[in-house]
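To keep things clear, I will list the structure first and then write my remarks on it.
The values are calculated or read from the model by the stated rules, or taken from the named source; none is laboratory data. This one's a predicted model, so the numbers in the text were calculated from it and none came from an experiment. Glycine gets a Cβ as well: all are built from the backbone with ideal geometry, and neighbour counts include every protein chain shown. What goes into the accessible areas is simple: the full protein's heavy atoms, side chains included, and nothing from ligands, DNA or RNA. Shrake-Rupley method; radii C 1.70, N 1.55, O 1.52, S 1.80 Å.
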Amino acid sequence: MDNRSLITLAEHSREKLLYLIEMAQEFEKHPNRRLLEGRIAATLFFEPSTRTRLSFETAANRLGAKVIGFADPKVTSGTKGEILKDTIKMVSNYADIIIMRHYLEGAAKYASEVTRIPILNAGDGANQHPSQTMLDLYTIYQSQGTLENLNIYLVGDLKYGRTVHSLLTAMRHFNPTFHFIAPDELAMPEHYKQYCKDNGIKYHEYKEFDADVISGADILYMTRVQKERFSDLMEYERVKDAYLLKKDMLVKARPNMKILHPLPRVNEIEYSIDDTPYAYYFQQAQNGLYARQALISDALGITLEDVRNDKTIIG
Ligand code: CP
């Protein structure tokens, strides 16, 4: 396995996470650079995506790399029976880095074991979504001025939502208190609660979702119910509208509270909330560009010092 692959942030140290945040800050100041001129990034998306694929591709393009890949596996030789291992080996002959989203948990790790070029996990089933977590950490830091000692409320599909699983593991360095708000069917899986216990992370669980419950939030992280992960669509129908954040539920919100959502939203946040000072999800999505510029650069051996000393800034 190439040690520059990013499969999960769980193994990253506190220092490494803060280092990547600093690098992302540099890219926010100046996104247009030629640090990766002559490199090729491949984006292999076996599942649908808007933000992750387009922000990764924008990140590579703004760094001067060229991008190849596919957004839909139906146009690939996978439809003729080619296995993932062969696809990864082939693409490794063409590109310097592979950014991959796959519907199977563990697919990114497997891919990293059959190639020498870095694999960036852009989401593997209901497992992990580390680049989303990197932009979430960046956004939390940007909006709160710290990652330390925050009350983070995770709402909705905590069973299948890979973004909340990734965030929970990455936050272990920063003494968070998590608040899990979900119906029984979508509760945080036991092994993540055990992870909290093993790592001294405080958590509370609720089924109610109202102004009182969320009044202590610094971060209110809403999630979509992941229809694509349900084997029983009747069960999806039962829980799909479980929690909708309404504007009148914000009456007791802390002044610093920010609402995040990895997007796409379906029926989790009333549109009227978009114009309140609490809404931060579009800024969060924009931060995906800077966080992913940092992840691609780091995977290809560009250091924070290289970025700070960069003379290729355009515009
Ligand atoms: N947040 C996220 O992963 O969005 P996409 O599915 O559009 O990439």
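Would you confirm, using the coordinates I've provided, whether L44 is more than 27 Å from L304 (Cβ to Cβ), under 17 Å from the mean Cα position of the chain (by Cα) and among the aliphatic types (A, V, I, L, M)? For L44, the condition - more than 27 Å from L304 (Cβ to Cβ), under 17 Å from the mean Cα position of the chain (by Cα) and among the aliphatic types (A, V, I, L, M) - is met. Among the residues of region 164-181, at least one is over 18 Å from A285 (Cβ atoms), among the β-branched types (V, I, T), open to solvent by 10 Å² or more (accessible area, probe 1.4 Å) and assigned to a strand (DSSP E or B).
Which residues, counting only those in region 144-163, are open to solvent by 30 Å² or more (accessible area, probe 1.4 Å) and either within 16 Å of the ligand (Cβ to nearest atom) or farther than 22 Å from A108 by Cα (or both)? Across region 144-163, the qualifying residues are Q144, G145, T146, E148, N149, N151, Y160. Of the residues that sit in region 37-56 and are within 15 Å of L300 (Cβ to Cβ) and touching a helix residue (DSSP H, G or I) at 6+ places or on another chain (Cβ under 9 Å), which one is nearest to the ligand (Cβ to nearest atom)? Across region 37-56, the extreme among qualifying residues is F56. So which residues in region 209-227 are in contact (Cβ under 8 Å) with a residue 24 or more places away in the chain and either open to solvent by 80 Å² or more (accessible area, probe 1.4 Å) or part of a strand (DSSP E or B) (or both)? Of everything in region 209-227, those that are in contact (Cβ under 8 Å) with a residue 24 or more places away in the chain and either open to solvent by 80 Å² or more (accessible area, probe 1.4 Å) or part of a strand (DSSP E or B) (or both) turn out to be D212, I219, L220, Y221, M222. Are any residues in region 246-262 among the aliphatic types (A, V, I, L, M) and either outside any loop (DSSP other than H, G, I, E, B) or open to solvent by 60 Å² or more (accessible area, probe 1.4 Å) (or both), and if so, which ones? Correct list: M249, L250, V251, I259, L260. Among residues of region 263-315 being open to solvent by less than 60 Å² (accessible area, probe 1.4 Å) and aromatic (F, W, Y), the one that is farthest from the ligand (Cβ to nearest atom) is Y278. Condition check for R33 on (1) farther than 14 Å from S131 by Cα; (2) more than 16 Å from the ligand (Cβ to nearest atom); (3) outside any loop (DSSP other than H, G, I, E, B): one failure, at (3). Here T50 does not qualify as within 30 Å of Y192 (Cα to Cα), surrounded by 18 or more Cβ atoms within 10 Å (Cβ to Cβ), modelled with pLDDT of 95 or more and not hydrophobic (A, V, I, L, M, F, W, C). Selection of region 58-78 for residues being surrounded by fewer than 19 Cβ atoms within 10 Å (Cβ to Cβ) and either at positive phi or within 12 Å of the ligand (Cβ to nearest atom) (or both) yields G64, A71. In region 154-183, what count of residues is obtained for those that are more than 16 Å from K227 (Cα to Cα) and either outside the structural domain of S215 (by TED's automatic domain parsing) or touching a Lys or Arg at 6+ places or on another chain (Cβ under 6 Å) (or both)? Here the count works out to 2. Residue under question is Y243, and the condition is that it be at pLDDT 95 or above and surrounded by 14 or more Cβ atoms within 10 Å (Cβ to Cβ); does it hold? Here the answer is no, as Y243 does not meet what is asked. Scanning region 189-200 for residues that are out of contact with any helix residue (DSSP H, G or I) (no Cβ under 6 Å at 6 or more places or on another chain) and assigned to a loop (DSSP other than H, G, I, E, B), we see that the one that is most open to solvent (accessible area, probe 1.4 Å) is G200.
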